[in-house]
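One structure is given here, and the rest of the page talks about it.
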Amino acid sequence: MKKILLIEDDRLILETTANFLESAGFEILEANGGEKGISLAKANTPDLILCDVLMPGTDGHEVYRILHNDITTADIPFIFLSSLSDIRDIRIGMQMGADDYITKPIHPDELLKTIETRLDKFDRLLKHKELRYHALFELASEAILMIKPETAEIIDANQATLDMLGYTKLEITRLKANDVLSKETWDNVVQFLSGNITGRRLPFHESKWKRNDNKEFPVQITGQGIDIQAVQYFLLTARDVSDIRFKEKALKDSEERYKELVENIGEGIGVVDLHERFTYVNPAASEIFGLPAAKLIGQKLLTFIHPSSHTEILRQTQNRILGQKSIYEVEVLRLDGQRRWIIVTATVQYDANGSFFGTFGIFRDITRNKLAEARIRESEERLSAIVDLTNDYIWEIDPQWRYTYVSSKVYDILGYRPEELLGKSPFAFMLPEDAEQAKQAIRKTVHEYKPLNLITSRAIHHDGHVIYLESSGIAIFDQEGKYAGYRGADRDITLRKSFENQLIIAKDKAEESDRLKSSILANVSHELRTPLNGILGFAEILKNELKDTELEMMAENIHSSGRRLMGTLNSLITLSQLVAGKVALVIRPVFLKESISAVIRSLEPLAREKNLTIIFNADPSLTVNTDEQLFKQLCRQILDNAIKFTEHGGITVEISEAKVVTEGYLVVSISDTGIGIDKDYHNLIFQEFRQVSEGFGRKYQGSGIGLTICKKSIDLLEGKITIESTPGRGSVFHIWLPHNKELAANEAAKTVAALSSESRPAQRIELPWVLLVEDNLVNKELTEFFLRKVCRVDYAPDGVTAIEMVKAKKYHAILMDINLGYGINGIDAMKEIKKTPGYSNIPIIAVTGYTMSGDRDMLMAQGCTHYLAKPFDQASILEMMREVLSGKNS
């Protein structure tokens, strides 16, 4: 599971973003400030960091600078979170080197896509580094020893070391470093190894090593501390200099240092001959042009240049023929289609006779800056349009609180032209008493560069009448990060103030009770969720790690109790939202069988634990116009109660139509064979925090608010809930939903038509054919059900059958299970199918439970065109098939 550190001082954004990312399968570390974020990053080494820019104390830019300069966190992908209006903050962050930014409000799909892109790129980078390290280690001409600092044990040695010392790999890994190094050298190394060695480098110096025959010989050594998965190691490199003269040794030292500099420098370096063909490139240049050095050598530079830059390249080539050094900007078009922008510094190369024989070039990748500039330009254009359309007037002031910019909307609000306000203070246009209050409010925030939030004041219109203004703003900084004033907006709220003054007295009394309740619930939520997070997290770890059965049971009890407490807390919050009227209804046609079936599926595990049956059947086309989420919550609560209070037998769900006077209803009846409820308690159970069994001797767990939530939910849906029950014989709860049969049918037809129009054109076109290769009949039935409206599905239970079927029929796409049991697997079947005439370019989707890191890349590398992980929901597979079949009438 990928680990993401989320640094955000806004608690709401922090919690909602964390919840979303956790639901997407990430482990989230939360920090409500910069200093805590730095501490968590260094302690946990997350896979990616999301960081707000504007935060009190240590802001996002400072967090990035500190982590980027720390070797343990320098390479972690870093994404800034910033409001769309914070253009300069975004620009500063990107110029510092951050990987990306996301504007607020945060769009979940954009956030998830950006995170996945950056994590994928970082994984590829790590893999590339690991492969490169392994190759360099084994193929290096110098001897390299990997040493464990604490014990001096030799962990590994490359072939050059074995050749130099005369040991086998097994023999040398049984030795310690002081068995190979001279005493003087080992004393120096021991001194170097004290403390944290990660990133530190032992200077080059000459020493002596001992071969397996105990004979010493001179070597040149160096070393460096490295960190592999949070464990420190010491790499010691040596070169035999027995037969090299001082001049040759000095020359080789110089060449090695130059090579190391060129190979590891962040900018690309390359050399081209007279025909502009590469004769040398360093790794950074290989990354820019998108090919390894071995494949770049011999290729023409112009091959990798975008046509728009060809003229510039040819002009610069002529300049170099004339002996001129040049610096210019061109656009690179890699063979994989990726575009880069680089600045080239080209220097003419001469041979010993003074003849021009090629060009030495330095390539600086400015793609990130270019893209950032493009985004900034787009943002500025959007901002300009917003400024022109908004009903507020936008302003900027300098550190002395004098207007430096005012938008034209100020004329509509204050009656002044923008130029009449420039150089003047906003306080000059306020009533004197409001001006003093505004100054005092601003002084509390400006010295810390905090935002100005909805400051209300009275201003004098140009014609003399008084208006109310509401001001908001944020601090702005120049390119060097120096405070440059504030930017904000003023809104005319005169009409709103008039209404507020009329309502304020009546409103205060009405809201006093709700404010108190909301405050208590908010505090309870905060104080319970924080420790519960630790309780649930550590309990789950203990559950998975403990082998002792008794301790494992204790951990399970802790986890179960924590979940019960969290369920109670969630119910309290839901009740609070219902009471406060904060639940927004989305009324649309709801297919009752589909919705109720989904609820039943989620509760079936609880029923199976008690050997209870749940019986339900209904007409699939039966619909009602209601809020589906609220309706599901209502059904779930009643079904959960039925399971809780039933020990034998089961639960039955039925749907019927009823009419009371002139009003029509659809009635969902949920009956159980449980303990039943005495008639005297039928009203009590719907009251907050009340149960039939109460006090110290109560038999059943629960907060007593589940049915309260049901009652308030059904009230919102303009329906009703009734109960029939006899102690010892069970209960029946009836959910009455308002039902206009004709309207519901029409709305349902519109919904079906809309769904159909999304999946195929208006004219009648046959659905595309898809081959499903799957050995599990349950998965086969599920997949066919999901796809029934978008394609026609043929089925093959194994790879051999699938190969025969594609020879007899042309399919538009193939859904391929990878583990097909006995016989050939999905990969082999896919390769055979691709050999079939007409199938080389047919989409083949790997549908698999192989979801470990690297599995997707492996399957795509084998030849699959798409990847869908099990388990999947209907939305996921439909989205995949619409993409795959977009050109096939999907």
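The values are calculated or read from the model by the stated rules, or taken from the named source; none is laboratory data. Just so you know, these numbers come straight off a predicted model, no measurement behind them. In this analysis, Cβ positions are derived from the backbone assuming ideal geometry, glycine residues included, and neighbour counts consider all displayed protein chains. Note: areas computed on protein heavy atoms with side chains; ligands, DNA, RNA excluded. Shrake-Rupley method; radii C 1.70, N 1.55, O 1.52, S 1.80 Å.
Only Lys, Arg, Asp and Glu carry charge here, each on its Cβ (+1 for the first two, -1 for the last two); on that basis the range 823-876 has a dipole of about 140 debye about its Cα centre.
The dipole here belongs to the range 133-189: it is taken about the Cα centre, uses +1 on the Cβ of Lys and Arg and -1 on the Cβ of Asp and Glu, and is about 120 debye. Split the accessible area of the range 231-324 by element, probe 1.4 Å, and carbon with sulfur accounts for 56%.
Put simply, the C-alpha atoms of the range 781-860 give a gyration tensor, and the ellipsoid matching it has half-axes of 19, 17, 13 Å, longest first.
In this structure ILE842 has an accessible area near 20 Å², from a 1.4 Å probe over the protein heavy atoms. Residues whose amide H falls under 5 Å from that of ARG402, counting only those 5 or more places apart or on a different chain, are absent, with hydrogens built in the peptide plane. Highest average first, the peptides 625-636, 584-595 ordered by how many other beta carbon atoms sit within 10 Å of their residues are 625-636, 584-595.
The distance between label points at GLU594 and VAL262 comes to 6.5 nm (points 7 Å beyond Cα on the Cα→Cβ vector). Take each peptide in 28-34, 477-483, count the other Cβ atoms within 10 Å of every residue, and average; sorted highest first, the result is 28-34, 477-483.
Cross-linked pairs LYS424/LYS450; LYS113/LYS300; LYS300/LYS831; LYS3/LYS295; LYS3/LYS42: Cα-Cα separations exceed 25 Å for LYS113/LYS300; LYS300/LYS831; LYS3/LYS295. Convex hull volume per residue, computed on the Cα atoms of the range 434-513, equals 134 Å³.
Could you compute the FRET efficiency for ARG377 and TRP769, with r as their C-beta to C-beta distance and R0 at 45 Å, rounded to 0.05? That pair, ARG377 with TRP769, gives E of 0.45.
Probing with 1.4 Å while keeping every protein chain in the model, the per residue accessible area of the range 593-652 equals 49 Å². The trypsin sites (Lys or Arg not before Pro) of the range 805-875 that meet both conditions, a loop assignment by DSSP and at most 13 other Cβ atoms within 10 Å of the site Cβ, are LYS809, LYS810. Taking all protein chains into account, the per residue accessible area for the range 44-123 stands at 41 Å² (1.4 Å probe). Legend: residue pairs LYS176/LYS215; LYS259/LYS325; LYS2/LYS543; LYS148/LYS183; LYS2/LYS36, Cα-Cα distance threshold 25 Å; every pair lies within threshold. Surface composition of the range 388-451: carbon plus sulfur atoms hold 50% of the accessible area, using a 1.4 angstrom probe and ignoring ligands, DNA and RNA. In this calculation the C-beta distance from HIS461 to ASP70 is compared with R0 = 60 Å, giving a FRET efficiency of 0.60. Listed peptides 159-165, 638-644 appear in the order 638-644, 159-165 once ranked by packing, highest mean of other Cβ atoms within 10 Å at the front.
In terms of overall dimensions, the range 331-409 has a Cα radius of gyration and Dmax of 23.5, 74 angstrom. Per residue, the solvent-accessible area of the range 307-439 (1.4 Å probe, heavy atoms of protein chains only, all protein chains present) comes to 56 Å².
Here the accessible area of the range 5-105 is 47 percent carbon and sulfur, with a 1.4 angstrom probe and all protein chains present. Legend: translational diffusion of the range 242-369 by Stokes-Einstein, Rh = Kirkwood radius over C-alpha pairs, 37 °C, 0.692 mPa s; D = 210 µm²/s. Across the range 138-154, rounded Karplus estimates of 3J(HN,Hα) from the backbone phi angles (6.51 cos²θ - 1.76 cosθ + 1.60, θ = phi - 60°) give 6, 9, 4, 6, 7, 6, 10, 10, 9, 10, 7, x, 5, 10, 6, 5, 8 Hz, Gly and Pro being marked x.
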